[in-house]
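Participant: Sharing a structure below in C-alpha cells format, with a few things to ask.
The values are calculated or read from the model by the stated rules, or taken from the named source; none is laboratory data. In this text the structure is predicted, and so the values were computed from the model without any measurement. Reconstructed Cβ throughout: ideal geometry from the backbone, glycine too, with neighbour counts over all protein chains shown. When the accessible area is computed, the model is the full protein with side chains, heavy atoms only, and any ligands, DNA or RNA have been set aside. Shrake-Rupley method; radii C 1.70, N 1.55, O 1.52, S 1.80 Å.
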Amino acid sequence: MDCIFCKIIAGDLPSYKVYEDDKVCAFLDVLPIHPGHTIIVPKIHVSDVESLDDGELCAMVTVMKKIGKAVMEGLGVKGYSILLDNKDAANQHVPHVHFHLVPRKEGDGLGRWPQSGYSEGEAEECLKQIQEKL
Ligand SMILES: [Zn+2]
C-alpha cells in the first residue's frame, strides 16, 4: 500500500514519533503550523472517520488528550487546536484518517474560520435534514 502514514507507522519512513501504543501512533508534522504540531493516526489503514471503528476513534481521542496536555506543559503553550479534514471535499490530503494537534498561543496569527449566518428557515431545515439521519 502506498500510504505515507502507514510507512511512517511501520518505520519504513523516518519520523519524529511522539507516541505509540497498540492502536495509535502520533508523530510531528514535518511542515508544522507551529512547532509541536502533531499528527495522530490509527495504526490500521482507515481512510475516513466513517470507516473507523468506535473503539479506534476513542483510542485516538484519548491519545489526543494525553498529547495535548504534554504539548501545553512541555512547550509552555496555553492551548491547542484540533483539526481533522474528513474526505476530499474537506481537503484531506493523506487518505489515512488523522487528527492535527496544533499548539496555540494568544496572538499567534491563526484566526477563526470565516463565519456566515442562516437565512430565514434555513437553520430549521438544516437541523431537520441532519436529525433525520441520526
Ligand atoms: Zn495508511
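Participant: For Leu13, work out the one condition from (1) within 16 Å of the ligand (Cβ to nearest atom); (2) in a helix (DSSP H, G or I); (3) surrounded by fewer than 14 Cβ atoms within 10 Å (Cβ to Cβ) it doesn't fulfil.
Facilitator: Only one criterion in (1) within 16 Å of the ligand (Cβ to nearest atom); (2) in a helix (DSSP H, G or I); (3) surrounded by fewer than 14 Cβ atoms within 10 Å (Cβ to Cβ) is unmet by Leu13, namely (2).
Participant: Next question. Is at least one residue of the stretch 104-116 open to solvent by less than 90 Å² (accessible area, probe 1.4 Å), in a loop (DSSP other than H, G, I, E, B) and of a type in the set (A, V, I, L, M, F, W, C)? Outline the logic, then answer.
Facilitator: Filtering the stretch 104-116 for residues open to solvent by less than 90 Å² (accessible area, probe 1.4 Å) gives 104, 107-111.
Going one step further and asking which of them are in a loop (DSSP other than H, G, I, E, B), we end up with 107-111.
Keeping just the survivors that are of a type in the set (A, V, I, L, M, F, W, C) gives 110.
Yes, that holds for at least one residue.
Participant: Out of the stretch 87-103, which residues are exposed (fewer than 13 other Cβ atoms within 10 Å of the Cβ) and among the polar types (S, T, N, Q)? Steps first, answer last, please.
Facilitator: Filtering the stretch 87-103 for residues exposed (fewer than 13 other Cβ atoms within 10 Å of the Cβ) gives 88-91, 93.
The answer is Asn91, and nothing else.
Participant: Separate question: As an exercise: evaluate Thr38 against (1) within 16 Å of the ligand (Cβ to nearest atom); (2) in contact (Cβ under 8 Å) with a residue 60 or more places away in the chain and give the number of the one condition it does not meet.
Facilitator: The number of the failed condition is (1).
Participant: If you don't mind, another one. Which of the residues spanning the stretch 1-41 are closer than 20 Å to Arg104 by Cα and of a type in the set (A, V, I, L, M, F, W, C)?
Facilitator: Scanning the stretch 1-41 gives Val18, Ala26, Phe27, Leu28, Val30, Leu31, Ile33, Ile39, Ile40.
Participant: Just to be sure before I move on: is Tyr19 part of a strand (DSSP E or B), open to solvent by 50 Å² or more (accessible area, probe 1.4 Å) and in contact (Cβ under 8 Å) with a residue 40 or more places away in the chain in the structure I sent? It would help to see each step written out before you state the result.
Facilitator: Details: part of a strand (DSSP E or B): yes; open to solvent by 50 Å² or more (accessible area, probe 1.4 Å): yes; in contact (Cβ under 8 Å) with a residue 40 or more places away in the chain: yes.
Yes.
Participant: Hey, another quick one. Would you mind finding the one in Leu28, Leu84 that is in contact with a Lys or Arg (Cβ under 9 Å, 6 or more places away or on another chain) and surrounded by 12 or more Cβ atoms within 10 Å (Cβ to Cβ)? Spell out the reasoning first.
Facilitator: Values: Leu84 fails: in contact with a Lys or Arg (Cβ under 9 Å, 6 or more places away or on another chain).
Within the list Leu28, Leu84, the selection yields Leu28.
Participant: Leu75: open to solvent by 30 Å² or more (accessible area, probe 1.4 Å), more than 14 Å from the chain's Cα centre (by Cα) and modelled with pLDDT of 95 or more, yes or no?
Facilitator: Working: open to solvent by 30 Å² or more (accessible area, probe 1.4 Å): yes; more than 14 Å from the chain's Cα centre (by Cα): yes; modelled with pLDDT of 95 or more: yes.
Here the answer is yes, as Leu75 does meet what is asked.
Participant: Taking the stretch 53-90 on its own, how many of its residues are part of a loop (DSSP other than H, G, I, E, B) and touching a helix residue (DSSP H, G or I) at 6+ places or on another chain (Cβ under 8 Å)? Don't jump to the end; show me each part of the working.
Facilitator: If we filter the stretch 53-90 for residues that are part of a loop (DSSP other than H, G, I, E, B), which is where we start, we get 53, 76-78, 84-87.
With the extra rule that they be touching a helix residue (DSSP H, G or I) at 6+ places or on another chain (Cβ under 8 Å), the set shrinks to 77-78, 84, 86.
Residues meeting the conditions: 4.
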